[in-house]
Amino acid sequence: MTTENATTTVRYYEDLGCWVVWGRDHVQAALQDPHLSSETLDAVNLSYLPADIHEECAHLIETMRRWFVLLDGTKHTEARRAIQPMFSPRRIRRLEETIHTILEEELDKFARSERHDAMPDLADNISARTIALLLGLPDGQGDLLHTWARPLADFLAVAYRPDYARAAQTSLREMADFITNAPDEDGESIWSKAQGSEWDRLATSSMVMFGGLETTAGMIGLALWHMLGNNLTHTIAAATDDEPARGIVERVLELYAPLGHVARLATQDTTLAGHTIAKDDVVLVSLTGRDLFDHSTPTTPLEHSTGQHPSDHIAFGFGMHYCVGAPLARLTVAKLLTLFARRFPNATVSDVNWRVNKTFRGFDRLTLDLHAPTTPAPARR
């Protein structure tokens, strides 16, 4: 039940006890409001977790309290500033050739796979290898990285379940061992760049690894689905550069943001689009362009509009919390679309299943037929 009419993009859900905000202008206003704090872990994620589990999973909770995406002010900016050079355009360009090689290798393996499920057989592997490369972590551990990341994603989506908390803590401990024991010959690892105590460095490292894995894999699946469903492979394959693929990436981000929302907590009374947000109210800020509780999931992708594809959507957030890994994600997915289209111009989607998790969005399964007979593009109405 809501207290607002059907046309507003700022709504209070009485049964959930929180506000939901969507639409670019109101989202940007919410993300810039100094009275809406990012320090939401206790109010949003932990409020329904049994007290004894708080004690049992103290390592998980204290580590996540140090994630800089859940911090404000100087605590946020200092932690972010320390690792910002790892995501600079200059460094991304320096890694571009290696990323190209990773994509070619993973497409080789995908072509030989039996099931051709683009999520575990392609998207997960690419996201793991590119994130490992960027963060200065050993290659060849893709299965492990996602094995650790998924329990964290499940816990953040359904944080009241003790079994999810325990699984997330186990994954975080294993992830910590991997990060702290990784070789660091050139001082370019996430562990060496992060600032603060050992616990702070672990928090930053695990947060960036986790966030990069989940959102990049989701974005890859959504972009492939959109390209194939709109019969764009031949156009992309014929292009002399990645520009048409970059247009697909921006359209996908506009339509299907891989991160569904971020939460904010009112530290004092404030207003948003004429609505009074009371102190201690929780605000869920949608990055999808739609109400978070619009649970419809399309069976086929929306139409790919022609012409310009503006990058002023809010899929990567806005302001001081804008996604630090956005340049890597854009580069990786655009290059993948181009290489995929050139290899498999007649590929089609055989089967797709959306993830249950509505926060970290995308597919559990995206099965492809790589050599489907050529069919004419359906007429758009």
Residue-wise, which Karplus ³J(HN,Hα) couplings in Hz belong to the range 324-336, taking 6.51 cos²θ - 1.76 cosθ + 1.60, θ = phi - 60°, and x for glycine or proline?
5, x, 4, x, 5, 4, 4, 4, 4, 5, 5, 5, 4
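What's the extension gain from PHE293 to LEU133 if we count 0.36 nm per residue and subtract their Cα-Cα distance? Walk me through the numbers before you get to the answer.
Numbers: separation 160, 0.36 × 160 = 57.60 nm, distance 3.62 nm.
Gain on stretching PHE293 to LEU133: 54.0 nm.
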Can you compute the FRET efficiency between THR267 and THR300 using 1/(1 + (r/R0)^6), with r the Cβ-Cβ distance and R0 = 45 Å? Round to the nearest 0.05.
0.55
With the crude spin-label approximation of a point 7 Å out along Cα→Cβ, what separation in nm comes out for ALA326 versus GLN195?
2.2 nm
Would you mind checking which residues have amide H under 5 Å from THR9's amide H? H placed 1.01 Å from N; only 5 or more apart, or other chain.
none
Simple label model, 7 Å out from Cα along Cβ direction - ASP351 to THR240, nm
4.3 nm
So for the chain, using the alpha carbon gyration tensor with a ≥ b ≥ c as root eigenvalues (a/c under 1.5 gives rounded; past that, a/b versus b/c decides prolate or oblate), I'd call it oblate
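Which percent of the accessible area of the range 240-357 is formed by carbon and sulfur heavy atoms (probe 1.4 angstrom)? Can you show the working numbers first?
On the way: 2690 of 5100 Å².
Within the range 240-357, the accessible surface is 53 percent carbon and sulfur.
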Collect residues whose amide H, placed 1.01 Å from N in the peptide plane, falls under 5 Å from the amide H of HIS261; neighbours closer than 5 in sequence don't count.
LEU287
Mean residue ellipticity at 222 nm from the helices of the chain, using -39,500 (n - 2.57) per DSSP H segment of n ≥ 4 over the full residue count, to the nearest 500 deg cm²/dmol?
-15000 deg cm²/dmol
Once amide hydrogens are built 1.01 Å from N within the peptide plane, the residues lying 5 or more places from PHE363 or on another chain with amide H under 5 Å from its amide H are ARG355
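When the dipole is taken about the Cα centre of the chain, and only Lys, Arg (+1) and Asp, Glu (-1) are charged at their Cβ, what size is it in debye, to the nearest 20?
Working: 36 positive and 51 negative charges, 174 e Å.
Computed charge dipole of the chain: roughly 840 debye.
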Keeping all protein chains in place, calculate the accessible area per residue for the chain (probe 1.4 angstrom), answer in Å².
45 Å²
Any idea of ARG94's accessible area? Nearest 10 Å², probe 1.4 Å.
150 Å²
Mind grabbing the base-10 log of I(q)/I(0) for the range 1-152 at q = 0.09 Å⁻¹? Debye formula, identical points on the C-alpha positions, no solvent, two decimal places.
-0.51
Given springs between every Cα pair under 10 Å in a Gaussian network model of the chain, which of THR74, THR215, THR359 has the largest fluctuation?
THR74
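Once R0 is set to 30 Å, what does the formula 1/(1 + (r/R0)^6) return for the Cβ-Cβ distance between HIS371 and GLU14, expressed as a FRET efficiency to the nearest 0.05? Don't skip to the end; give the middle numbers.
Values: r = 53 Å, r/R0 = 1.75.
Plugging the Cβ-Cβ distance into 1/(1 + (r/R0)^6) gives 0.05.
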Rounded D (µm²/s) - the range 92-243, Kirkwood Rh over Cα pairs, Stokes-Einstein at 4 °C, 1.567 mPa s
77 µm²/s
Could you name the aspartates and glutamates whose alpha carbon sits less than 17 Å from that of LYS109, not counting residues in the same chain fewer than 8 places away?
ASP117, ASP121, ASP124, ASP139, ASP143, ASP369
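The values are calculated or read from the model by the stated rules, or taken from the named source; none is laboratory data. Please read these numbers as outputs of a predicted model, since none were measured by experiment. Don't worry about glycine lacking a Cβ; one is built from the backbone with ideal geometry, like all the others, and counts go over all protein chains shown. Keep in mind that these areas ignore ligands, DNA and RNA; they rest on the heavy atoms of the full protein, side chains included. Shrake-Rupley method; radii C 1.70, N 1.55, O 1.52, S 1.80 Å.
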